[in-house]
Amino acid sequence: MAACGVEDRNLKSATIFSSHEALVLDYERGLLRLADDPEDPAAQQVLYNLSAHFLWVGERTRQLDGAHLDFVSRIRNPIGMKVSDKADPDELLRIIDLLDPHREPGRLTFIHRMGAAAVADKLPPLLDAMRRDGRRVLWVCDPM
């Protein structure tokens, strides 16, 4: 903790998690590692990205047939997806099918970033579309 600038005698250690956008795929590919699947020891090994605990894909790089979604669909890390006020409900449903086909709790998080002027009009229809279709993803607000 001292290395982090914390000089509190009561706080000796902390569990720290990291997150970043999976933007530069050449960098991300270099940090892939095979590991045994903790959920199913009999299964083949799975890929983890060791650059962060939680990787996310941005609004401009989340094409359904693009390299970024293909990359994150192949790793076991939890995944985040930026969602702006321009998001299309059908596109989000297809993203869920690609990134979380087994509907695993905690696998996929939608990170809405719409701004105060748009969120009241644009977010509810997206939430309603997910509910109608029975899709359950975690939604969090990007404070930016």
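The values are calculated or read from the model by the stated rules, or taken from the named source; none is laboratory data. None of these values were measured; they are calculated from a predicted model. Counting neighbours? That spans all protein chains shown, and the Cβs are built from the backbone with ideal geometry, glycine included. In case anyone asks, the SASA skips ligands and DNA or RNA and just uses the protein heavy atoms, side chains included. Shrake-Rupley method; radii C 1.70, N 1.55, O 1.52, S 1.80 Å.
Could you please give the count of residues in the range 6-23 that are within 18 Å of MET81 (Cα to Cα) and exposed (fewer than 11 other Cβ atoms within 10 Å of the Cβ)?
First, pick out the residues of the range 6-23 that are within 18 Å of MET81 (Cα to Cα): 17-23.
From the residues that got through so far, the ones that are exposed (fewer than 11 other Cβ atoms within 10 Å of the Cβ) too are 17-18.
The number of residues fulfilling the criteria is 2.
Which of the residues belonging to the range 48-99 are more than 25 Å from LYS122 (Cα to Cα) and of a type in the set (A, V, I, L, M)?
LEU50, ALA52, ALA67, VAL72, ILE75
If you take just the helices (runs of 4 or more DSSP H) that sit entirely in the range 26-144, which of them hold at least 2 residues that are open to solvent by 40 Å² or more (accessible area, probe 1.4 Å), of a type outside the set (Phe, Trp, Tyr) and in contact with a strand residue (DSSP E or B) (Cβ under 8 Å, 6 or more places away or on another chain)?
Numbers: elements: 67-73, 89-99, 119-132.
By residue number, 119-132.
Which pairs have Cβ atoms under 7 Å, sit 6 or more apart or on different chains, and link a residue in the range 26-37 that is under 16 Å from HIS53 (Cβ atoms) to one that is in a helix (DSSP H, G or I) and at pLDDT 95 or above?
GLU28/PHE71
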